[in-house]
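To keep things clear, I will list the structure first and then write my remarks on it.
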Amino acid sequence: MNSIFGLSVEIEINPKTREKKERIDRLRKEYIRLFTRRDHLLSHERDSLFCRYMLLIGKRKYENYQLSVEVRALKMKLELAQSALNRNQRPNLAQIEDDINRQLQSYYRDLERQAEELRLAQEAEAISDFTVQELRDLYRTLVRRLHPDLHPNLPESLQDLFVKGVAAYRSYDIVTLRDIIKRLDMESSLDDIARPDESLDDTIARLEKDIERLKTEKRKLKTTFPFNLEMQLQDPVWVKGQQDKLDDEHQRLEKHKRVYQDRLNLIFN
């Protein structure tokens, strides 16, 4: 509706133009739905599955890996001590331990990383289902309104706010996330997904291409860890089988550890 000389004049929109705009609107909604879903898979469901994996299986794997590093260190200590004895020298325990620590640095760093992953998984498990659901809802809102892929023309202040919101979500800081959403409620409307320099046909083609890309990414994502274990982690028989194997491995490692430690005791005591 336009006004000319004080008179209201209704401007006719070409039916084809109207149809294209309606199609763009449908594609836009589908793109945002798929994008939000994919981002949810990456930001929440993957973390949730990984936490479940860590608590059911990963914790035992970490403990076995930790024990295997101890066994490796004892075996190296025994070999270095025996080598010194073969040369008719008294083994220098401090020097041996320094050499071993230097050679096993990469293993120790990996242990620290796995320990941190386990700690985060245990913290996530302690959060109530009610809080988790609110976190998900707030994060979805954050993505729809601030994700740079959906809103490429965001001012720097809002880009920074998005980064802050993602950090709050990943650290389960629900208070900060609530505050960010409240602030967004007071902001002016954000840029639309359509680009001003595109024709309607170009926008349609781009959105269709982006939609297909998101569908392909989602299919591929489902074949990667930990999504590829989603069904198995829900199967108590499979989980128990994996746990039993890891428990058997733990017992074997404990046996090796005792053997090496007994031999070292004979050398150094």
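So here's what we get for this one:
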| item | result |
| --- | --- |
| J(HN,Hα) series, the stretch 223-230, from Karplus relation 6.51 cos²θ - 1.76 cosθ + 1.60, nearest Hz, glycine and proline x | 9, 9, 5, x, 4, 5, 10, 4 |
| Estimated FRET transfer efficiency (Gln82, Thr176; beta-carbon r; R0 51 Å; 0.05) | 0.35 |
| In sequence order, calculated HN-Hα J values of the stretch 99-114 (Karplus, 6.51, -1.76, 1.60; Hz; x Gly/Pro) | 5, 5, 4, 5, 6, 9, 4, 5, 5, 5, 5, 5, 4, 4, 5, 5 |
| Whichever lysines have a C-alpha closer than 26 Å to that of Lys16, once near sequence neighbours (fewer than 8 apart) are set aside | Lys29, Lys209 |
| Whole-percent carbon and sulfur share, accessible surface of the chain, 1.4 Å | 50 |
| Entries of Lys61/Lys245; Lys77/Lys255; Lys59/Lys245; Lys182/Lys218 with Cα pairs more than 19 Å apart | Lys182/Lys218 |
| Nearest-20 debye value, the chain charge dipole, Cβ charges on Lys, Arg, Asp, Glu | 980 |
| Nearest-10 value in Å² for the accessible area of His44, using the 1.4 Å probe | 20 |
| Among 166-175, 257-266, the order from most to least packed when residues are scored by Cβ within 10 Å on average | 166-175, 257-266 |
| For the stretch 28-87 and the stretch 201-262, distance of Cα centres in Å | 11 |
| Calculated volume of the Cα convex hull per residue in Å³ (choose from [x] 126; [y] 214; [z] 173), label | [y] |
| Most mobile of Gln243, Gln114, Gln103 in a GNM of the chain (Cα contacts under 10 Å) | Gln103 |
| Karplus 3J(HN,Hα) series, Hz, for the stretch 20-37 with 6.51 cos²θ - 1.76 cosθ + 1.60 (x for Gly, Pro) | 5, 5, 5, 5, 4, 5, 5, 5, 4, 5, 5, 4, 4, 4, 5, 4, 4, 5 |
| For the chain: accessible area per residue (Å², 1.4 Å) | 65 |
| Helical contribution to [θ] at 222 nm, DSSP H n ≥ 4, -39,500 (n - 2.57), averaged over the chain, rounded to 500 | -25000 deg cm²/dmol |
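The values are calculated or read from the model by the stated rules, or taken from the named source; none is laboratory data. Note that the structure is predicted; figures quoted are calculated from it, not measured. Positions of Cβ are backbone-derived with ideal geometry, glycine not excepted, and every protein chain shown enters the neighbour counts. Surface areas here come from the heavy atoms of the whole protein model, side chains and all, with no ligands, DNA or RNA. Shrake-Rupley method; radii C 1.70, N 1.55, O 1.52, S 1.80 Å.
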